[in-house]
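Since every read-out is calculated from the coordinates, none of them should be taken as a lab result. Just so it is clear, the model here is predicted, and its values are computed rather than measured. Here the Cβ is made from the backbone with ideal geometry for all residues, glycine too, and neighbour counts use every protein chain on show.
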Amino acid sequence: MRRRSTRLADAAARTLITLGGLTTIVAVLAVFVFLFWVVKDLFLSAEVGEPKRLGTGEPGASVLVAGIDEYRTIVWMLGADGALTLRVAHTGESLGVRPLVVDGGPRLTAVGKDASSGRFVLGYADGTVRLCSIGFRTEFLEADVVDAGLRELAVDGVRVWGDGLAQRTVRGQFRVQIPQVALDEPVAMVAGSAITAVARSTHDDATVVAAAGADGRVVLRVATKASPMFEEEPAAEWGEPSPVATGSARGAPRFAQLTDLGSNLVLAWTDGTLERWAVRDVRAPRLAETLDVAPGSGVELTSLGLLLGGVTLISGRSDGSVGGWFVTANPTNEVDGYALREVHRFDGLERSPVVAIATSARERIFAVGNAAGRAYAMYMTSEKRLAEFTVRDHEPVLAIAIAPKSDAILTITARGASIRPFTPRHPEATFGSLFGATWYERMPHPTHTWQSSAGTDDFEPKLSLVPLIFGTVKATVYSMLLAVPLALFAAIYTAEFLHARTKARIKPIVELMASLPSVVLGFLAAIVIAPAAEAVVPELVTAVITVPVAFLLGAHVWQALPNSIAVRRAPWRLPLAAVALALGIGAAAAIGPVVEDLLFAGDVRLWLDGRVPAVADGSPGWFLLLLPPSALAVAWFAARHVTPRIALRAARSTRGVAGLLHLAKFAGGLLATIGLAYLAARIVYQAPTILDHPPFDLRVASDDGGMNLSPFGTFDQRNSLIVGFVMGFAIIPIIYTLAEDALTSVPQHLRAASLGCGATPWQTAVRVVVPTAMSGLFSACMVGLGRAVGETMIVLMAAGGTAVMDMNLFSGFRTLSANIATELPEAVRDSTHYRTLFLAALVLFAVTFVINSVAEAVRQRFRKRAYQL
Amino acid sequence: MLEPNAPTAIGKAGSDAKPRSRLQRIQAGEPVETITHEAILAEDPCLQIERFNLWYGPKQALHDNAFVVPRGKITALIGPSGCGKSTLLRSMNRLNDLIDSVRVTGEMRLNGDPIYAPGVDVIELRKRMGMVFQKPNPFPMSIVENVVYALRIDGERDRRVLREAAERALRGAALWDEVKDRLEDSALGLSGGQQQRLCIARAIAADPEILLMDEPCSAPDPIATGRIEDLMQDLRGDYTIVIVTHNMQQASRTSDCTAFMYLGRIVEFGPTADLFQKPRLKETEDYITGRFG
């Protein structure tokens, strides 16, 4: 009969333990759910809402371009008659008409738009152009000027107020949007000929304008001051017109665009002919290429737009298809080394001429409308179709516009305008762009790139997580490559060979290493170790070989000692091992420069870069890479064929003689290893030359945009070697402690049995203890792996942070964790960037989860094998 | 069982014995000569021990032992718990070396070769001895790999040689018929008694000069115990066996010679029949008749 207090304690313990366990599970699940909750929005599709119409009949069939203000309250339409009509979006009520032509002056014949600023250039029938901007000024009304009519407005309700439109905001303020239309003085371009196409490109203080006349003339002119945003600013000062010698045989170009910061002038005709002129030097335009952007019989080019950023052209064709074009490097073009190509293609749209194109001022969203009244909104980079809808009565779309915040789409038909609310969500993040190769602007091929921000607002976000995952793998591989062997060997040595008293001292010291904050390690790595290592690269490379050789040599010398000395001096083995280490490092320092001379033509960093003829020979890389397998092959051969013979001889001689024989075997093996590695390196390096390919040089980065698995390449100060070393230092204590515990927990009676059979302690360790402790050793490595994958501060500080995809040991990388740490503080809440970083966290979470699950599964298998010990 | 150095045990033993009995002198730490029957001295010695002392740190565990193991015979070491039987056995193949604080003096010779001389290669020495432990301790590997372990570590790679050695050892340990169809299965899947016979097979696979058994039949299963005892009878003659046991029936059933140990000293050593039928010392008689210990 248990006592009441015991029962109470039992119940309390049970409750507490259950509660604790459940809380842990719930906490982990909650983290997962939270991450998932933030990330899921990335994959929601865009939405377009019900249309709101603004009257009928007006403005008729003549609208050239239209737009809407930031708050979606005012719609403007510029007609061919030169009248800018402003209307209240909610009611259709007119806010007045502003003429953009002089009374009795030339007609408006063409409109061009700058892709980055959204400002316009207007072309007239007399061959002149005028810079123009259409915008809105926002003012908030003071409480004392607000009258009763305004005060009665509901939230979001609007009312005409003076020149503008007042709206009650959610916060109860009254915001007035006042249209601001600026029109510069006319400038002659193609005097006497009506302008058929006009384009402008504004950057910094300079504006390039190109205009084509009905007589086929094309002229460029530069305005050296920005066009006025507001009326009171001074007018631009114009340079001399410079003619573009386009062949007049095709007649007047129908479309003109200035792309790539005004360095390319694109002229296009309705038959699909497109001429690209290199106009970086405005005074000497050169025809760079001519191509057909509407191939196929009877297919015509029906519209040409320019995406935000001014790089990607959008071609709309009479067969309903839409293409995205930009220039990529092409050495065969002798004029400027570029070629325009159709990188993105949007097929499967309705087969009707694309007559209107609109671009967003915020992201690479564009909208097209066709003659059958169908409109589509799409994202260029990811080729994702965001929304599509049909305008009323399938009227041809005359003009289309995307609201400044990309939250509405305006369509104009002959029967009026309608506004549809639009939620693009996160079109730049699709499964393909996050995890697949994506073709970004100006790139020669699709790439995996992470570049979440840039100096300008109109840059193209590149959100591929692949380089970050690759960086994480790279960091993990290199640090585990160092940490696992070191930690496991140290654990085996401590558990099996070290004197109990020494062990009691050494183990806490190693565990103390784990208590070093990783930020301190990262700081040391970046500020101290990286610069120091930079000076001794050849010595480091050499030490990788000399230190193990020194240890093995020391062991062989020890074996050659007479038995009486060896047995009596056994406690000196650990200090002697330290001596071997020092000798190995000393040897590396001594022969490092020699190795550099012999292998790397005297300068290892130059060799790593590999771009100078003096270091053209790439076979030393293979030599280094093939050394370890060669050593293994030689060791295997020696164990198979040499050791038994020596053992036969040794049985008939003293320990000393046997030791000398083994020493000779070791020296021979060392030479054989070097020879074998050298031969193999030459063969592998030269093999492709038989087929007249260039030699297999590990330093040459592949140029296909994929990953590059070669461990050699250009040297950076903050590189994987440093991170591998320092992160190895961080994870060694964990692996070491867990592995040592696992080895120590192997039952003593197994060791006794093995030793009783006449096994040496080393044989006992390798054949009995390690296999028995395998599950523990494996978990130790997996815990270390988990830490390496998630480690942040060291890689953040010492890895350089470049999101590249190569395994180059001498270059840096960017990991998922370091990326989150760097970018999350500056990511706009709920933006695509923000959610993508959460996705990175989710990926990290999943990777760790998978690693741990696999570790546990494997551990269970091992454990099953070793049960009932 | 009473602790030999517990006060009550001393009181009981003392009340029956004459004043200053041999056991009391041992308890007092005085040197006591081993009574060795002449029949033993006539045997061909496989292992000889002279003036052997062993300390665990400051504590002396073996006192001035003199002992011979007759070749081809089964020699049993009996005595109360903690009397040093296992320590003596483990001293024979220097397994006590693994304990840091152990220090020894005196001499041991295996077929004339010194065991404790400086410069002795312990590994080579252990290869000449087989050892079976109290708890079955097969390695976590296959049955056949367990058996050929000693050959493997000696560098034997020839599959045929290994296979033959395994079969011979398993037949020798009377295990062949039970495991011949599952030689590649894990040894840990065998029953306790089978595991112990596997350990015996492992110990005899390398043809040891002497087989050391440390309470090999302590498993509670009487059938398994019987089989191992039968096995020892089979091995008699081919192998020299030293067995530590605290089961006196077992010692009398299975062994040719028996040594009675008490507090680190060999008190009496003689042919098993003599020692159990007509012990020369009253103390031995008291122990084997269960009056103390």
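Strictly over 23 Å apart at the Cα level, which of A:503/B:135; B:85/B:135; A:40/A:462; A:384/A:405; A:474/A:507 would you flag in this model? Checking Cα-Cα distances, A:503/B:135; A:474/A:507 exceed 23 Å.
In degrees from 0 to 90, rounded to the nearest 10, what is the angle of the helix A:537-560 Cα long axis to the longest principal axis of chain A? The answer is roughly 20 degrees. Reducing segment B:30-72 and segment A:463-477 to their Cα centroids gives an inter-centroid distance of 70 Å. Put the Cα centre of segment A:636-697 next to the Cα centre of segment B:180-215 and the gap is 39 Å.
Among all stretches of chain A without exposed GluC sites (Glu not before Pro) (DSSP loop, at most 11 other Cβ atoms within 10 Å), which one is longest? So the longest stretch without any such site is A:335-869.
Applying 1/(1 + (r/R0)^6) with R0 = 60 Å to the Cβ-Cβ distance of residue A:682 and residue B:233 gives a FRET efficiency near 0.30. The amide H of residue A:197, built 1.01 Å from its N in the peptide plane, has A:212 as neighbours under 5 Å, considering only residues 5 or more places off or on other chains. Within the shell defined by Cβ-Cβ distances under 12 Å, the residues around residue A:641 carry a net charge of +4, with Lys and Arg each +1 and Asp and Glu each -1.
Which whole number in µm²/s is D for the protein assembly as shown by Stokes-Einstein, with the Kirkwood Rh taken over Cα pairs at 10 °C and 1.306 mPa s?
42
The sum of -39500 (n - 2.57) across all DSSP H runs of n ≥ 4, divided by the residue count of chain A, sets its helix-only mean residue ellipticity at 222 nm to -13000 deg cm²/dmol. Beyond 17 Å, the tail of the calculated P(r) for segment A:261-357 holds 49 percent of the Cα pairs.
The length gained by stretching the chain between residue A:578 and residue A:225 to full extension, at 0.36 nm per residue less their Cα-Cα distance, is 119.8 nm. Inter-chain neighbour count for B:146-152: the average number of beta-carbon atoms from partner chains within 10 Å of each residue's beta-carbon is 3. Mind checking which of B:270, B:119, B:193 has the largest fluctuation in a GNM of chain B, springs on alpha carbons under 10 Å? So, out of B:270, B:119, B:193, the one fluctuating most is B:119.
Note on residue A:36/residue A:852: beta-carbon distance plugged into 1/(1 + (r/R0)^6) with R0 of 30 Å gives a FRET efficiency of 0.95. Residues whose amide H lies under 5 Å from that of residue A:261, counting only those 5 or more places away or on a different chain, are absent; hydrogens are built 1.01 Å from N in the peptide plane. Neighbours of residue B:153, meaning other residues whose beta-carbon lies under 10 angstrom from its beta-carbon, give a summed charge of +1 when Lys and Arg score +1 and Asp and Glu score -1.
Here is the list for segment A:764-869: trypsin sites (Lys or Arg not before Pro) lying in DSSP coil, each with at most 10 other C-beta atoms within 10 angstrom of its C-beta, are A:829. Sequence-ordered 3J(HN,Hα) estimates for segment A:163-176 from the Karplus curve with 6.51, -1.76 and 1.60 and θ = phi - 60° stand at 6, x, 10, 9, 9, 7, 8, 4, 7, x, 7, 10, 9, 10 Hz, glycine and proline given as x.
Spin-label pair residue A:557-residue A:23: with each label point 7 Å from Cα along the Cα-Cβ axis, the two points sit 5.9 nm from one another. Taking 12 Å as the cut-off, the amide N atoms of segment A:429-473 that come nearer than this to a point 7 Å along the Cα-to-beta-carbon line of residue A:826 belong to A:452-456. What angle, in degrees between 0 and 90 and rounded to the nearest 10, separates the Cα long axis of helix B:222-235 from the longest principal axis of the Cα atoms of chain B? That helix lies at roughly 80 degrees to the long axis.
Beta-bridge orientation, the protein assembly as shown: approximately 90 percent antiparallel, per DSSP, counting only bridges with both partners inside. Relative to the longest principal axis of the Cα atoms of chain A, helix A:720-744 runs at roughly 50 degrees. Extending 7 Å from the Cα toward the beta-carbon at both residue A:635 and residue B:103 defines two label points whose distance is 4.1 nm.
Averaging the Cα positions of each part gives two centres, and for segment A:2-30 and segment A:252-313 these lie 73 Å apart. Taking other residues whose beta carbon is less than 13 angstrom from the beta carbon of residue A:386, and scoring Lys, Arg as +1 and Asp, Glu as -1, yields -1.
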